[in-house]
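Everything on this sheet refers to the single structure shown next.
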Amino acid sequence: MAAANQANCSFPAYFGDLIDDDYMNGVGDISEDFLALARGPTRWARRWTKYIMNGYRFHVKSVDDGKTQNSGVFVEMETDNYATVNDPNPKSDMVEYYGILKDIIELNYQNGRKVVLFDCDWVNGRLRRSGIKKDDFGFTMVNFERLLPPPDTLVFGGQAQQVFYVQDPIEKEWHIAVNTTPRDYFAMGMTTNHDLVPPQELDNSMMEDDEVEGRWDMTDIPTAEDQMCSEGEP
């Protein structure tokens with residue numbers, strides 16, 4: 001696990017140097033996508049309270065009005081499972097994650113490329129006292145009093161599906177997770193221009209009007225990556 005964390009922390013610098021060297025020396029055909037990723041995002045990012053992605057209308061929890069629930073998020077991804085901290089042979093499994101959307105962050109890269117991140121509170125399904133279980137009828141139930149700790153709370157917006165949660169009438173701390181179906185874009189009454197965003201960067205997405213723009217070059221505010229990569233350092 002420690003080796004995997006170290007590899008994750010060192011990869012961005014390695015990737016950036018590799019692509020820049022190949023580009024400067026004319027080695028291979030470096031795509032604009034790779035070049036933009038290697039040079040990293042700009043120092044300005046956008047934060048949204050609402051975003052339409054993958055056919056779903058997402059709202060952050062702070063603006064969810066209660067009439068319709070749009071802050072529930074579900075992702076399924078392949079995850080390495082370690083038997084112990086020093087386990088050299090982790091096993092890969094498909095894992096389901098249920099959460100609540102806290103923040104929507106849009107990173108901007110050169111040539112109009114963008115990457116959208118969802119920052120969520122995720123229910124902890126990894127431990128023995130798990131926050132995820134199945135009821136007698138096979139429905140998935142989640143407990144938002146049992147959350148995963150930071151800093152690993154970000155997912156790509158393109159990975160996200162939408163769910164809504166129904167409180168169990170007996171076990172009040174548990175909620176039933178119900179998956180929703182993406183709505184047709186043409187029924188949403190909104191239009192957008194996709195010309196600046198290649199589909200591999202921002203797939204099937206539209207922004208809404210609620211935007212907060214902020215700077216990301218303030219050194220006194222640690223990011224999740226800073227926290228993860230500084231663990232174990234003196």
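The values are calculated or read from the model by the stated rules, or taken from the named source; none is laboratory data. Keep in mind it's a predicted model, so treat the numbers as computed, not measured. Cβ: placed from backbone, ideal geometry, glycine included. Neighbour counts: every protein chain shown.
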Looking only at the range 68-95, filter to residues that are farther than 26 Å from residue 15 by Cβ and among the β-branched types (Val, Ile, Thr); which one of those is modelled with the lowest pLDDT? 85
Would a scan of the range 133-150 turn up a residue that is in contact (Cβ under 8 Å) with a residue 40 or more places away in the chain, in a loop (DSSP other than H, G, I, E, B) and in contact with a Pro (Cβ under 8 Å, 6 or more places away or on another chain)? no
Which count do you get for residues in the range 100-127 that are crowded, with 17+ Cβ neighbours inside 10 Å, assigned to a loop (DSSP other than H, G, I, E, B) and not aromatic (Phe, Trp, Tyr)? 3
Among the residues of the range 13-60, which ones are farther than 24 Å from residue 116 by Cβ and hydroxyl-bearing (Ser, Thr, Tyr)? 14, 23
Of (1) at pLDDT 80 or above; (2) assigned by TED's automatic domain parsing to the domain that holds residue 160; (3) over 16 Å from the mean Cα position of the chain (by Cα), residue 65 satisfies every one except (1)
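Quick check on this structure: which one of 54, 124 is touching a residue at least 60 places away in the same chain (Cβ under 8 Å) and of a type outside the set (Val, Ile, Thr)?
Numbers: 124 fails: touching a residue at least 60 places away in the same chain (Cβ under 8 Å).
Exactly one residue qualifies, and that residue is 54.
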Could you look through the range 100-152, keep only residues that are in contact with a helix residue (DSSP H, G or I) (Cβ under 8 Å, 6 or more places away or on another chain) and of a type in the set (Phe, Trp, Tyr), and pick out the one that is nearest to residue 173 (Cα to Cα)? 118
